Amino acid sequence: AIAAFSLATLTFAADTIKIAHIDPMSGPFGLAGQTLGKHFDAIVENLNAKGGVLGNTKFEVSHFDNKASAQESVTLLQQIIDSGTRFVVQGGGSNVAHALSDTLAKHNSRNPDKAVLYQNFPTQHPAFANEKCNFWHFRFDAHVDMKLDAITNHIARNKNIKKVYLINQDYAFGQAISKAAREMVLKKRPDIQIVGDDLHPMGKVKDFSPYISKIKASGTETVITGNWGTDFSLLIKSSKEFGLDVTYYTLNAQNAGAPKSIGAAGADNIKNVSAWHSNAAENKAEKFANDYRKKYKDDFYYATSKTALEMLAKAINDAKSIEPLKVAKALEGMKFQGDTGEMWMRAEDHQLMQPIYISTFTKAGGKDVKYDLEETGYGWMTDFRVEAKDTVMPTTCAMVRP
């Protein structure tokens, strides 16, 4: 599914709209990037089957391996820009997202005739909706503060929770979770103790047992983590080996590979906050997800990727243009009937507002957990849904528009 990079394959053609997908396709986070690549292939195929945009103009997506490196991403981005591609999507790593957003802001200001629009569909650092907002950047997932607000509301209502332990990857995303979780927990439940706050190297820890030992010794019953990729899988693996009896609140347990790592031993102890899951009520993405599973022999995880490209298609049709500036203006303030209800792209900071879910990983079967994941026999069950209007957070963005 990974297209080999060549300028020939990316050269703009009048009958196609090129989209470049930049994510890790190899290394510790390769599974996430490869899965996202299949997602985009399926989404583009679905959009093209419906007639594409602008009277049958089709999309074409190419995938690029950034090896989870911000520097490699910027190098790829420059080659992509030089090729004539004007739309970029990316998901894995807020460090990469910051590098891409900063680079595009500079490029577009200097080269308005070669502007590029950047769709960020799952990276969650709050700065993109605040001090690092950028006209050319649009985010399609709820950010850390929005998700932690939902998680800490859930924790605050549970009077049995007395202690909370934080463990996260040591980069912008993990640091943001640590900060927001600490502040929100203590504000909503001053009686709760934060008994640990670990930040570990991203993608480099092979054995989480020292961290699990600390968590176990703390006596906590609750852990908050944003770990993803192998950092999540190895954390849960070590938890099971040590018999750690805690409830994990996570922001990324819906990712590819995570359900299998949780398995039966972790069932009912993992809660996750996400914009969608396969057992969400009134599931308008159900047919798409089932067709995806049949074709790719895999599960559909990242509904925000589907939302991003469907809103891009609508913006192109509304603008009657593929010029990034016109498309960006059509995206600003857009109201969109998504798979989970009405969504809107806040014009002030280009942050999508949409319903989000707190869910528990539990045994599949029955009306609440119709679909399992990764052939585990377990899937996500909704604990509660937060409506889009209740996810809205204040913004300090001072948007500079061209």
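Things to note:
- Of Gly333, Gly93, Gly379, the one that fluctuates the most in a GNM where the chain has Cα springs shorter than 10 Å: Gly333
- Protection proxy ranking, highest mean first, for peptides 44-56, 215-227: 215-227, 44-56, where packing is the per-residue count of other beta-carbon atoms within 10 Å, averaged.
- Taking N as its residue count, the alpha carbon Rg of segment 165-206 over 2.2 N^0.38 Å: 1.25
- By average C-beta atoms within 10 angstrom, highest first, the peptides 134-147, 310-323, 20-33: 134-147, 20-33, 310-323
- Kirkwood-based Rg to Rh ratio, segment 75-160, C-alpha trace: 1.13
- In degrees, nearest ten, helix 70-83 long axis to first principal axis of the chain (Cα): 20 degrees
- A 1.4 Å probe, protein heavy atoms only, puts the accessible area of Val392 near 60 Å².
- Cross-link pairs beyond the 24 Å C-alpha cut-off, checked among Lys187/Lys335; Lys147/Lys335; Lys162/Lys214; Lys284/Lys367; Lys38/Lys204: Lys187/Lys335; Lys38/Lys204
- Normalising the average separation of contacting C-alpha pairs (under 8 angstrom, six or more residues apart) by the number of residues puts the relative contact order of segment 15-70 at 57 percent.
- Residue-averaged 222 nm ellipticity for the chain, from DSSP H runs of 4+ at -39500 (n - 2.57), nearest 500: -12000 deg cm²/dmol
- Segment 248-311 pair-distance distribution - Cα-Cα, 10 Å bins, rounded %: 19, 50, 28, 3
- The mean sequence distance of close C-alpha pairs (under 8 Å, at least 6 residues apart), as a share of the length of the chain, puts its relative contact order at 16 percent.
- Compactness check for segment 16-57: Cα Rg over 2.2 N^0.38 Å is 1.41.
- Within the accessible area of segment 282-402, the carbon and sulfur atoms contribute 53%, probe 1.4 Å, all protein chains present.
- Degrees, to the nearest 10: 30-49 long Cα axis against longest axis of the chain: 50 degrees
- Each semi-axis of the equivalent ellipsoid for segment 185-335 is √(5λ) with λ an eigenvalue of the Cα gyration tensor; in descending order they amount to 37, 20, 15 Å.
- Its Cα gyration tensor gives segment 199-283 an equivalent ellipsoid, and the semi-axes of that ellipsoid, as √(5λ) in whole Å with the largest first, are 22, 14, 11.
- Accessible surface computed residue by residue for segment 255-327, with neighbouring protein chains in place and a 1.4 Å probe, gives 39 Å² per residue.
- Relative frequency of Cα-Cα separations exceeding 16 Å in segment 308-402, percent: 66 percent
- Charges were assigned to the Cβ only: +1 to each Lys and Arg, -1 to each Asp and Glu. The resulting dipole of the chain about its Cα centre is roughly 320 debye.
- The separation of segment 158-212 from segment 244-313, counted between C-alpha centres, amounts to 23 Å.
- Dipole moment magnitude, nearest 20 debye, segment 260-383 about Cα centre, only Lys, Arg, Asp, Glu C-beta charged: 320 debye
- Size descriptor, Kirkwood hydrodynamic radius, that averages inverse alpha-carbon separations across the chain, Å: 21.4 Å
- Under Stokes-Einstein, with the Kirkwood radius over Cα pairs as Rh, the value for segment 28-143 at 10 °C and 1.306 mPa s is 106 µm²/s.
- Computed from the C-beta positions of Val392 and Thr75 and an R0 of 45 Å, the FRET efficiency is 0.75 to the nearest 0.05.
- Interchain or long-range residues, amide H under 5 Å from Asp198's placed H: Leu166, Ile167, Asn168
- Compared with the dominant principal axis of the Cα atoms in the chain, helix 303-319 is inclined by about 30°.
- Mean-square fluctuations from a GNM of the chain, with a 10 angstrom spring cutoff on Cα atoms, peak among Lys284, Lys206, Lys370 at Lys206.
- The residue among Leu100, Leu47, Ala172 whose Cα reaches farthest toward the positive pole of the charge dipole of the chain, with charges on the beta-carbon of Lys, Arg, Asp and Glu, is Ala172.
- Calculated from backbone phi, Karplus (6.51, -1.76, 1.60) coupling profile of segment 364-380 in Hz, x at Gly/Pro: 7, x, x, 6, 7, 10, 6, 10, 8, 10, 6, 6, 8, x, 10, x, 8
The values are calculated or read from the model by the stated rules, or taken from the named source; none is laboratory data. All values derive from a computational prediction rather than experimental measurement. As a convention, Cβ positions derive from the backbone with ideal geometry for all residues, glycine included, and neighbour counts pool all protein chains shown. Ligands, DNA and RNA are stripped out before the accessible areas are found, and what is left, the full protein with its side chains, is counted by its heavy atoms. Shrake-Rupley method; radii C 1.70, N 1.55, O 1.52, S 1.80 Å.
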